[in-house]
Amino acid sequence: MEFDFTPEQKKFREEVREFLQSQIEVGVIVDRSNRGFDFNSSFSKKIAERGWIGMSWPKKFGGQERSFVDRTILMDECLKVNAPMGIHFMGDRQIGPALILYGTDEQRAEFLPKILRGEASFCLLFSEPGAGSDLVAVRTTAVEDGDSYVINGQKVWNSNAHYAEYGWLLARTDPDTPQKHKGCSEFILDMKSPGVTIRPLINAVGLHSFNEVFLEDVRVPKSRLVGQVNRGFYQIMEQMDYERAGLERLMQDYPLYKHLLQYVKETHRQGKPLSEDPQVRDQIAGLEVEFQAGHLLCYRIAWLIDQGQLPGYEAALCKACCTRFKQRLAETATRIMGPYGQLMPGSPYAPWNGEAPETYLWSRSYTLQGGTTEILKNIVARRGLQIASAG
Amino acid sequence: MDFNWNEEQKMLMDMVRKFFEKECPMTLVKKMMTEPEGQQIDLWEKMAELGLLGLLFEKRYGGGEAGFLELAAFLEETGRAMAPGPFFSSMVMAGLVLAETDNEALKAKLIPAVCSGEKILTLAVGEEDDLWEARYIQTRAERAGDDYLVTGRKMFVRDAHLADPILVAARAGDAEKAITVLAVDSTSPGIKITPLRTISGEKQCEVLFDRVKVPADQIVVQEDRGWAVIEKIRPRIIIARCAQMIGGMERVLDMTIRYAAEREQFGVPISSFQVIQHYCVDMLMDLEMSRYLTYEAAWRANEGLPLDKEASMAKALCSDAFIRIAEKSHQIHGGIGFTDEYDLHVYSKHAKGWELTLGNGFDHRAIVARELGL
């Protein structure tokens with residue numbers, strides 16, 4: 001066992017920290033929860049210039065073959081201050097690795113350099129009104145027509161679809177097969193294509209973060225089919241193991257955690273600091289225990305990938321633990337702040353301009369996106385504990 | 001980073017697991033839980049022969065010179081087997097203190113005897129509670145010529161009924177931390193040992209000292225350093241206990257998954273029900289979170305790094321997690337798990353006993369809060 005980082009890794013962490021500090025000083029980073037996926041092209045370009053996109057990809061695809069633990073260190077520091085990673089995040093984490101695994105040479109040549117430059121933004125077009133946890137029920141169709149596929153259907157919960165240049169689409173290419181998971185394919189869709197209509201959905205926080213996307217006779221060149229026809233569902237399941245594995249599942253609200261610690265030290269109730277209240281101390285220490293355990297689980301996933309193992313159930317388990325922490329953080333923070341914990345952004349006297357209640361509202365989504373906790377538990381039961389599945 | 005045991009540690013765990021499977025069946029574990037002595041000489045001697053009782057100690061005293069991670073690996077298996085016997089008192093609690101002494105004569109006399117199992121030692125620190133704070137130590141060691149006279153009351157002293165000597169932390173001066181540790185001959189006049197009856201059958205005693213004479217050469221650590229030694233070893237003892245809890249939790253989960261696959265109701269195995277599956281995954285989440293907090297803390301102990309916060313995080317979670325795991329397991333097992341014949345109660349009793357000793361979740365979260373600078 002070895003829980004320390006190498007001297008190179010420690011140096012790297014320092015380097016990242018210094019860079020991020022400089023970005024805080026110029027106001028690019030606002031150090032507030034839930035801002036880590038903001039779109040900021042100059043920030044993404046700066047990250048790209050430093051070689052911090054695709055750093056764990058193979059060299060022949062423009063990566064540096066650095067370890068996933070290294071990448072996790074980068075994420076760790078970026079998430080601590082919620083640096084705006086929105087543009088490059090999806091390409092770096094998911095799309096690039098998927099293209100490296102399944103893409104054609106032409107697709108790699110077109111998209112990987114753009115991702116590495118911090119210029120390619122993607123949204124996911126997976127879920128549908130009738131296909132949530134049961135993703136395989138997607139009904140959006142992709143029908144061959146000459147050198148194109150013609151797409152028809154409706155997608156939903158598409159975060160950042162109103163900003164993203166490309167959509168990563170799952171659609172049905174074989175409507176007749178009774179084995180539904182063997183009839184789907186993946187495509188890269190230009191979000192500006194004719195026939196794409198993006199309709200905003202306002203979330204419970206009151207913000208426009210996700211969308212409905214309507215696809216009406218949208219033509220996608222055949223060259224934009226990713227991987228094998230009708231293997232799309234399997235490919236997505238494998239990508240999901242990467243999607244679930246990251247520290248972002250734990251640290252999306254890390255600024256709130258820092259601010260909470262500061263708040264209890266600085267805020268007096270009944271003549272003494274909140275931090276002297278044994279209940280407050282117990283609650284916060286409980287958060288710390290959960291946070292540190294989740295942090296270790298995330299680094300363990302990165303380490304497993306570095307050992308050449310594909311994290312399957314481990315990633316699902318990790319996400320279930322981490323998102324539970326994030327929800328508890330917002331619950332605890334609002335409760336400790338008492339009546340001030342309900343004061344929303346813009347309200348007089350709202351601590352940290354309402355970060356806690358705003359995060360509390362956001363936190364309902366954490367155990368839903370990327371697989372609900374219940375679906376994750378099904379995966380862990382089946383793949384991790386080898387318990388017979390129902391039916 | 002490396003989150004795994006190394007090959008040697010895996011071999012050690014495998015060897016210990018097989019040893020306990022053969023030499024320490026559940027029938028023996030249950031018998032020892034209810035018997036006042038709680039010690040099976042045959043098993044004890046075999047553990048000594050395998051070198052398990054001397055793992056931590058220097059080779060020149062007959063030990064194995066293993067690191068703390070090897071100790072944790074061994075202890076994880078003892079928790080899995082719920083192995084009875086005073087090894088935790090003797091080799092871990094007293095052993096860690098002995099390793100810190102500069103009393104060479106005492107070291108040369110006691111450590112080989114701990115390694116060979118010939119002597120059983122224990123450590124008596126706590127009085128009001130089992131969390132060990134210097135200001136609550138009232139037991140006094142007063143100078144009387146060449147000797148000390150020890151007077152006071154120690155509680156929850158593990159295996160005191162078997163131990164000789166008992167290493168006792170006693171106040172030797174007025175300063176808060178002026179605590180000395182003495183090796184007290186447990187047959188000395190003035191000692192009264194009263195066994196307690198614990199939920200887990202773990203053997204703990206009240207030990208009363210009434211002007212018990214202890215020669216000066218029995219000082220393990222002088223008062224200038226005594227409390228520093230206790231503070232150094234306390235998190236290590238806590239991590240050692242966490243390692244046992246990890247083994248115990250893992251065994252409960254294994255037992256539960258197997259039972260759920262075998263047990264049929266409504267014409268199908270109950271493991272086919274999602275609610276049962278999710279309970280099992282909840283148990284695994286608790287286990288894995290506890291596991292890596294414990295391993296990191298054990299690694300820190302191995303490397304000699306500061307570990308007060310890490311040890312307390314591990315014990316805070318292990319304490320609560322083992323309870324939750326045991327309770328879920330009882331729910332899944334139904335009536336059979338509530339019988340004396342079935343093995344589950346052995347684990348759920350230890351989950352409760354180990355939650356409440358060496359500091360519970362509240363106690364350790366208080367330490368974590370302090371370490372966070374609150």
- prompt: How would you order A:189-202, A:91-104 from highest to lowest mean count of nearby Cβ atoms within 10 Å?
  reply: A:91-104, A:189-202
message: Using Cα-Cα distances under 8 Å and only pairs 6 or more residues apart, what relative contact order does the stretch A:124-230 have, in percent?
response: 30 percent
- request: Work out, step by step, the length gained on full extension between residue A:374 and residue A:344: first 0.36 nm times the residue separation, then minus their alpha carbon distance; give nm to one decimal.
  value: 7.8 nm
field: Assigned charges on the beta-carbon of Lys, Arg, Asp, Glu; the protein assembly as shown dipole about Cα centre (debye)
entry: 1040 debye
statement: In nm, the gap between the two label points placed 7 Å beyond Cα toward Cβ at residue B:222 and residue B:34 is 5.2 nm
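Could you order peptides B:212-224, A:263-275 by the average number of other Cβ atoms within 10 Å of their residues, highest first?
Ranked from most to least packed, the peptides come out as B:212-224, A:263-275.
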query: How would you classify the stretch B:7-116 from its alpha-carbon gyration tensor, with a ≥ b ≥ c the square roots of the eigenvalues: rounded for a/c under 1.5, else prolate if a/b is greater than b/c, otherwise oblate?
result: oblate
Cβ-Cβ FRET estimate between residue B:138 and residue A:267, R0 fixed at 41 Å, reported to 0.05: 0.60
field: Label-point separation, residue B:59 to residue B:341 (7 Å along Cα→Cβ), nm
entry: 5.2 nm
- prompt: Per residue of chain A, what 222 nm ellipticity follows from adding -39500 (n - 2.57) for every DSSP H run with n ≥ 4, rounded to the nearest 500?
  reply: -13000 deg cm²/dmol
message: Positive end of the dipole of the stretch A:124-230, charges at C-beta (+1 Lys, Arg; -1 Asp, Glu), about the Cα centre: which of A:132, A:149, A:226 has its Cα farthest in that direction?
response: A:132
- prompt: Which of the chymotrypsin sites (Phe, Trp or Tyr not before Pro) across the stretch A:312-355 are loop residues per DSSP, with 13 or fewer other Cβ within 10 Å?
  reply: A:349
- prompt: How high is the FRET efficiency between residue A:383 and residue B:102 when r is their beta carbon distance and R₀ equals 51 Å, given to the nearest 0.05?
  reply: 0.40
message: Within 10 Å of each Cβ in B:312-324, how many Cβ atoms from other chains are there, averaged over the peptide?
response: 2
message: Under 11 Å from a point placed 7 Å out from the Cα of residue A:279 along the Cα-to-Cβ direction: which residues of the stretch A:338-374 have their backbone N that close?
response: A:338
query: PRE reach from residue A:31 (point 7 Å along Cα→Cβ): which of the stretch A:291-318 fall under 17 Å by backbone N?
result: none
message: Need one value for A:376-383: mean number of C-beta atoms belonging to other chains within 10 Å of its residues' C-beta atoms.
response: 5
- request: Have a look at A:127, A:365, A:185 and tell me which one the Gaussian network model of chain A (Cα, springs below 10 Å) gives the largest fluctuation.
  value: A:365
- prompt: If you average the sequence gap of Cα pairs under 8 Å that are 6 or more apart and divide by the length of chain A, what percent do you get for the contact order?
  reply: 14 percent
query: Which listed residue (A:376, A:354, B:124) has the Cα farthest towards the positive end of the charge dipole for the protein assembly as shown, taking +1 on Lys and Arg C-beta and -1 on Asp and Glu C-beta about the Cα centre?
result: A:354
message: Can you pull out the trypsin sites (Lys or Arg not before Pro) in the stretch A:282-370 whose DSSP state is coil and whose Cβ has at most 13 other Cβ atoms within 10 Å?
response: A:364
Cβ crowding within 10 Å averaged over residues, with A:354-361, B:187-194 ranked highest first: A:354-361, B:187-194
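Note down the magnitude of the dipole of the stretch B:1-145 about its Cα centre, charges +1 on Lys and Arg C-beta and -1 on Asp and Glu C-beta and zero elsewhere, to the nearest 20 debye.
Using Cβ point charges on Lys, Arg, Asp and Glu, the stretch B:1-145 gives about 300 debye.
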field: Built amide H within the under 5 Å cut-off of residue B:184, gap 5+
entry: B:166, B:167, B:168
task: Mind running the shape call on the protein assembly as shown? Use the C-alpha gyration tensor, a ≥ b ≥ c as the square roots of the eigenvalues: rounded below 1.5 for a/c, prolate if a/b tops b/c, oblate otherwise.
output: prolate
- prompt: What GluC sites (Glu not before Pro) does the stretch B:295-374 have in DSSP loop regions with at most 16 other beta carbons within 10 Å?
  reply: B:341
statement: Restricting to Cα pairs under 8 Å and 6 or more apart, the percent relative contact order of the stretch B:227-371 works out to 29 percent
query: What FRET efficiency would be calculated for the residue pair residue B:231, residue A:162, taking the C-beta separation as r and a Förster radius of 60 Å, to the nearest 0.05?
result: 0.55
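Any read-out appearing in this document is the output of simple, stated calculations on the displayed coordinates, not a laboratory observation. Please read these numbers as outputs of a predicted model, since none were measured by experiment. Methodologically, a virtual Cβ is constructed for each residue, glycine included, from the backbone with ideal geometry; neighbour enumeration extends over all protein chains shown.
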